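Asks: My questions will all concern the structure given below.
Computed from the coordinates by the stated procedures, all read-outs in this text should not be read as laboratory data. No experiment lies behind these values; they were computed from the predicted model shown. Please note: Cβ atoms are built from the backbone with ideal geometry, for glycine as well, and neighbour counts cover all protein chains shown.
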Amino acid sequence: MLRLGRREFDTHEPVIMAIVNRTPDSFYDQGATFRDEPALARVEQAVAEGAAIIDIGGVKAGPGAEVTAEEEARRTVGFVAEVRRRHPDVVISVDTWRHEVGEAVCEAGADLLNDAWGGVDPKLAEVAARYGAGLVCTHAGGVEPRTRPHRVEYDDVMADILRVTVGLAERAVELGVRRDGIMIDPGHDFGKNTRHSLEATRRLGEMTETGWPVLVSLSNKDFVGESLDRPVKERVIGTLATTAVSAWLGAQVYRVHEVAETKQVLDMVAAIAGHRAPAVARRGLA
């Protein structure tokens, strides 16, 4: 059972986390939701299409202009409060590695801290524990936030992913973070080249076998683009294929840009796996 905010999710229940970037320079939407009005419209659409979690980010993952903790908080805290007011039951996640920002957004009503940079700020887990928030424990290869991997090597990439993510999850429990609010994330593209991310996907079952709920952030990433030689705006099909494989191997939470398309993929995989009945049943019955 995964419990986030007011929501509880059964073990085989797929969960969609919709991305809302409060940045002027995000790699995918190029700042489309930087201003409040389009960002709030994006939240409304995502919830209507089936997202249970809204993931709000105030700093782009890749290199770029410096964003201080104060600026990151300015971009996210008020927005979290407004989303909380409008959607009391939606799970609000904030994509941050900084404990100062984590504290501010939890005060504003966030339910989950999505630490995409692998515990680089060890105080973030302490914030999650103090506020009863959930926590995403991610493998980022030990790189500094907002840096790209350079000639990175692993003897066994999945062994390293398991060592780091399970270690972060166990530390979080020791600090007082709720066990049923913790997820582990292999960190596709973070501290990895394309072959590493493909192997992490292929061996995702090793993560689900740990018993920790697995979150995957696959949406339009570089490993999809390099696998298919497609630019950012032409990676949806590859992303959905990777989503289907991840679902079959047991991942539970999916951080995405395309909510409606992802929901259809997850519903179909769940139907094949026997975890979800068909929406209608007419064929051969009349």
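Asks: Let me know the volume per residue of the alpha-carbon convex hull for the stretch 1-54, in Å³.
Replies: Numbers: hull volume 5.0 nm³, N = 54.
So the per-residue hull volume is 93 Å³.
Asks: For the stretch 147-286, restrict the atom set to alpha-carbon positions and state the Rg and Dmax in Å.
Replies: That works out to 16.8, 61 Å for Rg and Dmax.
Asks: Using just the helices of the chain, give the 222 nm mean residue ellipticity in deg cm²/dmol: DSSP H runs with n ≥ 4 each add -39,500 (n - 2.57), and the total is spread over all residues, rounded to 500. Show your work: numbers first, answer last.
Replies: Details: 10 runs with 118 residues, N = 286.
The helix contribution divided over the chain gives -12500 deg cm²/dmol.
Asks: Would you kindly compute the Cα radius of gyration of the chain and its largest Cα-Cα separation (Dmax), both in Å?
Replies: Cα-based Rg and Dmax for the chain come out at 17.9, 64 Å.
Asks: In the stretch 180-215, whose amide N lies under 17 Å from the spot 7 Å out along Cα-to-Cβ of residue 245? List them in ranges.
Replies: Within reach of a label on residue 245, which here means backbone N under 17 Å from a point 7 Å along Cα→Cβ, the stretch 180-215 contributes 186-190, 192-208, 215.
Asks: Given springs between every Cα pair under 10 Å in a Gaussian network model of the chain, which of 183, 207, 268 has the largest fluctuation?
Replies: Most flexible of the set in this elastic network: 268.
Asks: Using the number of other C-beta atoms within 10 angstrom as an exposure proxy, rank 75, 283, 22, 35 with the fewest first. Intermediate values should be presented prior to the final figure.
Replies: Details: 75 21, 283 7, 22 24, 35 11.
Fewest-to-most Cβ neighbours within 10 Å comes out as 283, 35, 75, 22.
Asks: Then there is this: Could you work out how far the C-alpha centroid of the stretch 135-165 sits from that of the stretch 205-242, in angstrom?
Replies: Going from one Cα centre to the other spans 16 Å.
Asks: Obtain the nm distance between the two label points defined at residue 35 and residue 8 by a simple spin-label model: each point lies 7 Å from its Cα along the Cα-to-C-beta direction.
Replies: Modelled inter-label distance: 4.3 nm.
Asks: Which one of 96, 147, 68 has the biggest mean-square fluctuation once the chain is modelled by GNM with Cα springs under 10 Å?
Replies: 68
Asks: Give me the three principal axis extents of the stretch 131-174 from the C-alpha atoms, as integers in angstrom, largest value leading.
Replies: That works out to 38, 24, 11 Å along the principal axes.
Asks: If you average 1/r across every pair of different Cα atoms in the stretch 1-121 and take the reciprocal, what Kirkwood value do you get, in Å?
Replies: Values: mean 1/r = 0.0691 Å⁻¹.
Here the Kirkwood hydrodynamic radius works out to 14.5 Å.
Asks: Okay, next question. How much of the DSSP beta bridge set in the stretch 97-232 is antiparallel, as a percent to the nearest 5? Kindly include the intermediate steps, with their values, before the conclusion.
Replies: Values: 0 of 9 bridges.
Bridges in the stretch 97-232 are about 0 percent antiparallel.
Asks: Quick check: the distance between the Cα centres of the stretch 261-279 and the stretch 118-132, to the nearest angstrom?
Replies: 34 Å
Asks: Which lysines have a Cα less than 18 Å from the Cα of residue 233, not counting those fewer than 8 places away in the same chain?
Replies: 60, 221
Asks: Rounded to the nearest 5, what is the percent of antiparallel bridges among the DSSP beta bridges in the chain? Before the final figure, lay out the partial values.
Replies: Values: 3 of 32 bridges.
Here the share of antiparallel DSSP bridges comes out near 10 percent.
Asks: Now for a different question. Once every Cα of the stretch 38-97 carries one equal point scatterer and solvent is ignored, give the base-10 log of I(q)/I(0) from the Debye formula at q = 0.24 Å⁻¹, two decimals.
Replies: -1.01
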